[in-house]
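*Asks:* Please find one structure pasted underneath; my questions will follow.
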Amino acid sequence: MANSVRRVIGLATIGLVAAATTALGAGVASAQETPPPVAMISNLTGKSTSVALDKGFTDALTSLDVTPGPFGSASITDGSASFPITGGNVTVYKPDEVLPYVQGRIEHMGSGLTLTKGDTEVTLDNFVIDPGDPAVLTGRVRAGGQTVAESTTLFDLNGSTLKPITIDQSAGTATLTGTTVTLNAGAAEALNGAFETDALKGGTTIGIATIVVNTTSGTMPMPQGGVETGGGSTSGTDTALVVTGVALLAGSALVLVVRRRGVRGH
């Protein structure tokens, strides 16, 4: 009789554990699915990306006798380089649900920078921002009128310094400012080779970027007041589900202990 009771208790416990594990696994799988975005601009139609050039970077160029200048439709005014946005798309998620929470592609065709030293001129243009993980800015590199690379990583983008996205409803724009732009190690090596120096280093701060986009083409408009920035998590595990699963497992163990004690008492 005692053995039969123990067998029943054991089967019941196994059932509880299996149920808890199944519920937990289903919850984790569900949590790993990408949640819906809070805003989406499927076809960027204008505005610009500007970079407030860091004094350390411009001083380094001056010491090398390298002069920066605008290329194509770009402009440099009051220490800030600006590049018109010509296309792309942006999808924005809640920061605590998806990382990176800003995803897409921001294109700047027909604009860029020239870096000139004597008879040597290097052109960096056709910038494309990928706000993924890692976030980078790629572009075309030309030297002496010849294309060296059609598309290569030029700058690394640190979005941890990004400020909350702001919305100007009357102007129909969204602004993302605060991203730190640094020189990519590979780009630094290439520029050092072009200008016969070793002074340019990967990780050198280029400046702080501000991106202004039109929101009128968005299939999902930006929410009123914008989207807060912050660290996200890609673990895909719902804490509440974990707690529930642990509670079920603990509860089943407790039932087993109590019932076993009851059996011994008989």
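*Asks:* Going through the stretch 74-106 one residue at a time, which ones are assigned to a loop (DSSP other than H, G, I, E, B), touching a Pro at 6+ places or on another chain (Cβ under 8 Å) and closer than 20 Å to residue 181 by Cβ?
*Replies:* 74, 100, 101
*Asks:* Which members of the stretch 44-93 meet the condition of being modelled with pLDDT of 95 or more, open to solvent by 60 Å² or more (accessible area, probe 1.4 Å) and within 16 Å of residue 174 (Cα to Cα)?
*Replies:* Correct list: 86 only.
*Asks:* Among the residues of the stretch 108-116, are any within 19 Å of the chain's Cα centre (by Cα), of a type outside the set (Asp, Glu) and open to solvent by less than 60 Å² (accessible area, probe 1.4 Å)?
*Replies:* Filtering the stretch 108-116 for residues within 19 Å of the chain's Cα centre (by Cα) gives 108.
Narrowing the set further to residues that are of a type outside the set (Asp, Glu) leaves 108.
Going one step further and asking which of them are open to solvent by less than 60 Å² (accessible area, probe 1.4 Å), we end up with 108.
Yes, that holds for at least one residue.
*Asks:* Wholly within the stretch 142-200, which strands (runs of 3 or more DSSP E) include no fewer than the required count, namely at least 3 residues that are modelled with pLDDT of 90 or more, on the phi < 0 side of the Ramachandran plot and open to solvent by 30 Å² or more (accessible area, probe 1.4 Å)?
*Replies:* On the way: elements: 146-158, 166-168, 173-183.
By residue number, 146-158.
*Asks:* Additional query: Of all residues in the stretch 133-144, which are within 16 Å of residue 180 (Cβ to Cβ) and among the small types (Gly, Ala, Ser)?
*Replies:* 135, the sole residue that qualifies.
The values are calculated or read from the model by the stated rules, or taken from the named source; none is laboratory data. As the structure is a prediction and not an experimental result, all values here were calculated from the model. Counting neighbours? That spans all protein chains shown, and the Cβs are built from the backbone with ideal geometry, glycine included. Note: areas computed on protein heavy atoms with side chains; ligands, DNA, RNA excluded. Shrake-Rupley method; radii C 1.70, N 1.55, O 1.52, S 1.80 Å.
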